[in-house]
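**Q** The following block contains the structure, expressed as C-alpha cells.
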Amino acid sequence: MAFKPEKPSIHGETPDTLGARLVEAGHPRYRVAQVFEWLYPRRVGASEAMTNLPANLRAWLVENYDFTATDVMGKKTASDVTQKVLQRLRDGSLIETVIIRAPMEGVGQEQSRRTICISTQVGCAYGCKFCASGLEGWKRDLSVGEIVSQLVQVCRIEDQADPIRAAQGLASFDNIVVMGMGEPLANYDNLLAALRIVNAPWGFGFGARRITISTSGVVPKILKLAEEDMGFRLAISLHGATNEVRNQIMPVNRKFPLEELVPAAKAFARKHGRMLTLEFILIEDINDSLEQARKLAAIARELHAHVNLIPYNKVEGLPWVRPSLTRQDRFVKELRGLGVTATLRREKGHDIDAACGQLRLQKEKELRVDPPPAAA
Ligand code: SAH
Ligand code: SF4
C-alpha cells in the first residue's frame, strides 16, 4: 500500500541525489549547497524564498519538488508541558508530532528543554493490546521526506519561541524521540535515511546521541541498528517482565520472546556503551505485581538499564485500568529497593505523557483542531 505522491519531497533528498538531478536538468552542481542552506539552517517554506538562486532554478525546484510533504493543520496544547502538532500528508492521512517541554536545570534559567516525538508510520501493525496506534492497524510507512518534513515543520513552530537559536541556524529542539505512531524498526530504511539527513552537517547537524529510538522489540532490527555507525539511544518497550505477561499484551513477543530480546538489547548496549531505557506501562492486575517488579529489576540490572514507568493511559474501547497511586508507588519502591534507577512519570498533565504512543487516540473526525498558527 505504498503511496506515490505527485512530486517527491525535497526533504527526502541528499546533496548527492539532488546534485545529480540538478546536473541532469542543466543546473550547476554547486547550487546544491545553497539549496540545503535554505532547507535546514534557514528552514524556508518554498523555493520562492531562496533569494540567492536564479529564478529558473527556483521555478525548477517548485515544479519538481514538494516542499510540504507534511502540512501543519493545527496545534493542540494537551497540557502545560505537551503540545501536539497535527500534520496532514499528501494522501490525506494525519499524523501527530508531539513537543514535550521539561524545565532545564541551571541557575536562573527560564528555558525549557524541548523533546520532539515523531511518528514513522500511519497506524501500526504490531497490535499491542493497550495502544491506540495499533487499534486500526497499519496503513503505510512514512517516506524519508515525510519523516524529515515532520521535524522541519515543528522546528519552524519552535523557531518562533527561540529566535536566537533559529538565527544561528541551530535546530530549536534538544532531543528527538522516535516514539510516535508506528514501530520505527518496521520502517527501518526510511527511518535511518531520514535520521542521516537530520544528523548530517548539511542537514540539521543534530547529534545521534540526542536521538532515542523506541521499539517494541524487533530483535533482528535491534541487532542491525547496533551495527550502524551512528550511536542512537535505544528504548525498549518492555511492559512485561515475563513471556507470559508480554504474550498477553504484545503479539511481537511470540515472535521475539524475552530470551531473544534481552540478549539483543545487551548486544546493542555493549556496542554503543550507552545506557538503555526500558519503558514499562503500569496496567492494573496485568503487570503491576511485586513479582513483576522483581523480574523487571533482574532484567534492568542485567542490561544496566534505566526503567521508565508510565501509568497506563486510558484508551477508549480498551478494558485496561491504571493502577492506583499506592500500587504505582509500591512498584517503583520495589524496583529502587533492588538497586534499579527508575522514574515514575507523574507530573501535572501526566495523562498526556504517553501522548506519543496514542497519536490516533481520537479518530480523525473527532480531533478538535485549533486554527493553524500561521493564520493567526
Ligand atoms: N512502536 C514503538 C514506538 C511507539 S509507541 C514502541 O512500541 O516502542 C511509544 C510508547 O508509548 C511505547 O512505550 C508504548 O508502549 C507507549 N504507549 C502506547 N499506548 C500507551 C498507553 N495507552 N498508555 C501509556 N503508554 C502507551
Ligand atoms: Fe505499535 Fe508501539 Fe503501539 Fe505496539 S506500542 S502497537 S509497537 S506503536
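The values are calculated or read from the model by the stated rules, or taken from the named source; none is laboratory data. Note that this is a predicted model, so its numbers are computed, not measured. Don't worry about glycine lacking a Cβ; one is built from the backbone with ideal geometry, like all the others, and counts go over all protein chains shown.
**Q** Can you tell me which condition residue 244 does not meet? The list is (1) part of a helix (DSSP H, G or I); (2) away from ligand 1 (no atom under 16 Å from the Cβ); (3) in contact with a Cys (Cβ under 9 Å, 6 or more places away or on another chain), and all the others hold.
**A** Every listed condition holds for residue 244 apart from (3).
**Q** Quick check on this structure: which one of 173, 130 is touching a His at 6+ places or on another chain (Cβ under 9 Å), at pLDDT 80 or above and farther than 18 Å from residue 94 by Cβ?
**A** Sole residue among the options that is touching a His at 6+ places or on another chain (Cβ under 9 Å), at pLDDT 80 or above and farther than 18 Å from residue 94 by Cβ: 130.
**Q** Quickly run through segment 34-60 and pick out the residues that are closer than 20 Å to residue 155 by Cβ and aliphatic (A, V, I, L, M). Give the steps one after another, and end with the answer.
**A** Looking only at segment 34-60, we keep the residues that are closer than 20 Å to residue 155 by Cβ, and these are 34-50.
Result: 35, 39, 44, 46, 49, 50.
**Q** Here is a follow-up. Is there any pair linking a residue in segment 223-250 that is touching a residue at least 12 places away in the same chain (Cβ under 8 Å) to one that is basic (Lys, Arg) and crowded, with 23+ Cβ neighbours inside 10 Å, with Cβ under 8 Å and at least six apart or on different chains, and which?
**A** 238/246; 239/246; 240/246
Quick grid of which residues meet (1) away from ligand 2 (no atom under 11 Å from the Cβ); (2) acidic (Asp, Glu); (3) within 14 Å of the chain's Cα centre (by Cα); (4) within 27 Å of residue 206 (Cα to Cα):
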residue	(1), (2), (3), (4)
130	no, no, no, no
148	yes, no, yes, yes
165	yes, no, no, yes
176	yes, no, yes, yes
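Per-residue answers, yes or no, for (1) outside the structural domain of residue 202 (by TED's automatic domain parsing); (2) touching a Cys at 6+ places or on another chain (Cβ under 9 Å); (3) surrounded by fewer than 20 Cβ atoms within 10 Å (Cβ to Cβ):
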site: 35; (1), (2), (3): yes, no, no
site: 47; (1), (2), (3): yes, no, no
site: 55; (1), (2), (3): yes, no, yes
site: 91; (1), (2), (3): no, no, yes
site: 118; (1), (2), (3): no, yes, no
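Yes/no matrix, rows are residues, columns are (1) at pLDDT 95 or above; (2) closer than 29 Å to residue 291 by Cβ:
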| site | (1), (2) |
| --- | --- |
| 191 | yes, no |
| 217 | yes, yes |
| 224 | yes, no |
| 231 | no, no |
| 235 | yes, yes |
| 240 | yes, yes |
| 246 | yes, yes |
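**Q** Now for a separate question. Please verify whether residue 182 is crowded, with 17+ Cβ neighbours inside 10 Å, of a type outside the set (Phe, Trp, Tyr) and either in the same structural domain as residue 46 (by TED's automatic domain parsing) or within 16 Å of ligand 2 (Cβ to nearest atom) (or both), treating the condition exactly as stated.
**A** Yes; evaluated as a whole, the condition is true for this residue.
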